[in-house]
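Visitor: I'd like to ask you about the structure that follows.
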Amino acid sequence: MNEEIAFLTVTGLAIVRALPVTVVLALTSALGASAVAVALVAAQATRVGRPLAQVWIFVFRGTPLLLQMFMVYYGLAAVGPIRHGLLWPLFRDPLFCAFAAMTCCCSAYIAEVLRAAWQAIPPGQVEAAQACGMSRWTRVRRVIAPQMLRLALPAYGNELVMLIKSTSLASTITVLDVTGVAQTLIAHSYRTLEVFCLAAAVYLGLTAGLTALLRRIERNLERGTGR
Amino acid sequence: MIRAGVLALALLAGACHGAARSGDDLVIGTEGAYPPWNFTRADGTLAGFEPDYLRDLCARLHRPCRMVAMDWDGMIGALQTGKIDLIADAVQITPDRAAVLAFGRPYAMTTGVIATLRGSALSRLADTGATLDVDRPDPLREDITDRLRKALAGKVVGVELSGAFDAFLTQTIGPGVTVRYYRTMGERDLDLLNGRIDATLEDESYIRPLLATRDGTALVMVGPRLVGGSLGRGEALAFRKGDTALRADFDRAIGASRADGTVHRLYLQWFRMDASPQ
């Protein structure tokens, strides 16, 4: 029993030490994906941007993230202009490749969440704002964006939880995140169940923290809406 | 409690599996992706040293055997839960593994080597041709280790996630070297060729044939041969701890195959070198 506790302690500490990698990857990808998603939604309001945004969403939502990671990491390394070009220092780094793949994939999902929120805003409100003489930018800032935020938040939160869990795929391209470190620990101890349970607990802690934070923001946004 | 949980899972897996299995044929686990030891042909059949060798051993035991391919990271679990009866996958005898597995007598002896891109900083690594035996007390051992430590400081070395080569790097070479882990050797080779990693530590029996391929001409084998400690003392079949009768049967067959020269013929055919254990 003592041996078991000692093993769990040492293993748990090693896994927790990998937490910054998982958190950095999740945070940067969430920011990157959200920014691209906003750009995609904005692009869909223009004639030229609409087909481009739709192709982006179609491709990245329709293919597995695991394949996208492999294509960015191993695939692009075989492309001469990238392998010998200025961008190689970036694509040489597995963490950057994971970030790039996750940003592309998650932006497609988040863009759809934002588009749904956009469409849920009653057109009458936008027309009323127009009738008041609000400029396009003022309409977005004072009528559309605040409501989109409120409408999109639950589904957006869902995407962020999925994103945190998806970071574990980065371990397949040599990133030593929580899952990657867990796998190296298993390679030495052969105790699959215990090690993966500890890793799962770390992800559970992360998603629980995020869920609590989102619930708080949701409550704050609902203040004054009469709900 | 967790132990009890593992046991329950193992029993469950064993029970599920027992129902699906027919007769008394032995199921042998191998990777099917570790040439020339074992690899999968285009038509899906397994070939290499181990499929040939195990066919010979099973014939000597008069037992029907079936080889199945699976990834290394799940192989020991599959053995312990009874999905397979033994492992023939160039498994090096290491202290870590001996704690959870029962090894038969070694049937081959190969060493770890370092490979790097031709012309890279590491391609002029010292002590090429020497052997570093981690277990043997030797005044030269410390000198060689020191030179290796200095040369690898700040370098990135890629290894397959097997628990053998990375343990040597982290324990003997120390924190100066960065270890990158790969699920498969093919992925590691790609990164070695495109320059994401500076070198790899891998078994000579894998690297030597790789150097003869078209891509492999860009690579060179450098530095001392490495053996002992976590790198192992030869390759052996791995059994469940309790299966002593099965292990004894195979040990006898291994002895017979060695005595009549069959295994020696297979060494030359697949490795182009004598890989006899000392």
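A short reminder: the numbers here are calculations on the coordinates, not readings from a lab. Just so it is clear, the structure is predicted and the values come from calculations on it, not from any experiment. In this analysis, Cβ positions are derived from the backbone assuming ideal geometry, glycine residues included, and neighbour counts consider all displayed protein chains.
Visitor: If you average the sequence gap of Cα pairs under 8 Å that are 6 or more apart and divide by the length of chain A, what percent do you get for the contact order?
Guide: Working: 209 pairs, mean separation 63.9, N = 227.
28 percent.
Visitor: Kyte-Doolittle mean at least 0.0 and Cα extent at least 24 Å along the axis: which DSSP H helices of chain B qualify?
Guide: On the way: long enough: B:2-20 (27 Å, 1.58).
Answer set is B:2-20.
Visitor: What is the helix-to-structure angle for A:178-189, meaning the angle in degrees between its Cα long axis and the longest Cα principal axis of chain A, kept from 0 to 90 and rounded to the nearest 10?
Guide: Between helix and principal axis, roughly 10 degrees.
Visitor: Give me the angle, in degrees from 0 to 90, between the Cα long axis of helix A:2-17 and the longest principal axis of the Cα atoms of chain A, rounded to the nearest 10.
Guide: Compared with the principal axis, the helix lies near 40 degrees.
Visitor: Then there is this: Run down the lysines and flag those whose C-alpha is under 25 Å from the C-alpha of B:LYS83, throwing out any fewer than 8 positions away in its chain.
Guide: Partners found: B:LYS241.
Visitor: Net charge around B:PRO95, counting only other residues with Cβ within less than 11 Å of its Cβ (Lys, Arg = +1; Asp, Glu = -1)?
Guide: 0
Visitor: Evaluate the relative contact order of chain B (contact order divided by residue number), counting alpha-carbon pairs under 8 angstrom at least 6 apart; express in whole percent. Let's see the in-between values first.
Guide: Values: 486 pairs, mean separation 77.5, N = 278.
Across chain B, relative contact order equals 28 percent.
Visitor: Going by alpha carbons, how many degrees (0 to 90, nearest 10) lie between the helix axis of A:192-222 and the longest principal axis of chain A?
Guide: 20 degrees
Visitor: Which order, highest average first, do A:152-164, B:124-136 follow once you tally other Cβ atoms within 10 Å for each residue and take the mean per peptide?
Guide: On the way: A:152-164: 17.8, B:124-136: 15.6.
Top of the packing list down: A:152-164, B:124-136.
Visitor: Mind checking which aspartates and glutamates have their C-alpha under 15 Å from A:LYS165, skipping anything on the same chain fewer than 8 residues away?
Guide: Within reach: A:ASP177.
Visitor: Place the peptides A:42-50, B:47-55, A:96-104 in order of packing, highest mean first, counting for every residue the other Cβ atoms within 10 Å and averaging per peptide.
Guide: On the way: A:42-50: 12.7, B:47-55: 21.0, A:96-104: 23.3.
By packing density, highest mean first, the sequence is A:96-104, B:47-55, A:42-50.
Visitor: Right, something else. Please give me the summed charge of the neighbours of B:ALA130: other residues whose Cβ is under 11 Å from its Cβ, Lys and Arg +1, Asp and Glu -1. If you can, show how the numbers build up before the last one.
Guide: Values: positive: B:ARG141, B:ARG147, B:ARG225; negative: B:ASP127, B:ASP133, B:ASP138, B:ASP143.
Spelling it out: positives minus negatives among the neighbours equals -1.
Visitor: Restricting to chain B, compute how many DSSP beta bridges are antiparallel as a %, nearest 5. Walk me through the numbers on the way to the answer.
Guide: Working: 20 of 37 bridges.
In chain B, approximately 55 percent of DSSP beta bridges are antiparallel ones.
Visitor: Here's something else I'd like to know. Can you check what the net charge comes to around B:LEU211, using other residues whose Cβ is under 12 Å from the Cβ of B:LEU211 (Lys, Arg +1; Asp, Glu -1)? Before the final figure, lay out the partial values.
Guide: Values: positive: B:ARG118, B:ARG208, B:ARG214, B:ARG272; negative: B:ASP189, B:GLU202, B:GLU204, B:ASP215.
Neighbourhood net charge equals 0.
Visitor: Using helices alone, what [θ] at 222 nm do you get for the protein assembly as shown, with -39,500 (n - 2.57) per DSSP H run of 4 or more residues, divided over all residues and rounded to the nearest 500? Intermediate results must be reported in sequence, preceding the final value.
Guide: Values: 21 runs with 273 residues, N = 505.
Computed ellipticity for the protein assembly as shown at 222 nm equals -17000 deg cm²/dmol.
Visitor: Give the shape of chain A as rounded, prolate or oblate, defined through the alpha-carbon gyration tensor: a ≥ b ≥ c are the square roots of its eigenvalues, a/c under 1.5 means rounded, and otherwise the shape is prolate if a/b is larger than b/c and oblate if not. Provide the component values of the computation, followed by the final result.
Guide: On the way: a/c = 3.35, a/b = 1.55, b/c = 2.17.
In terms of gyration-tensor shape, oblate.
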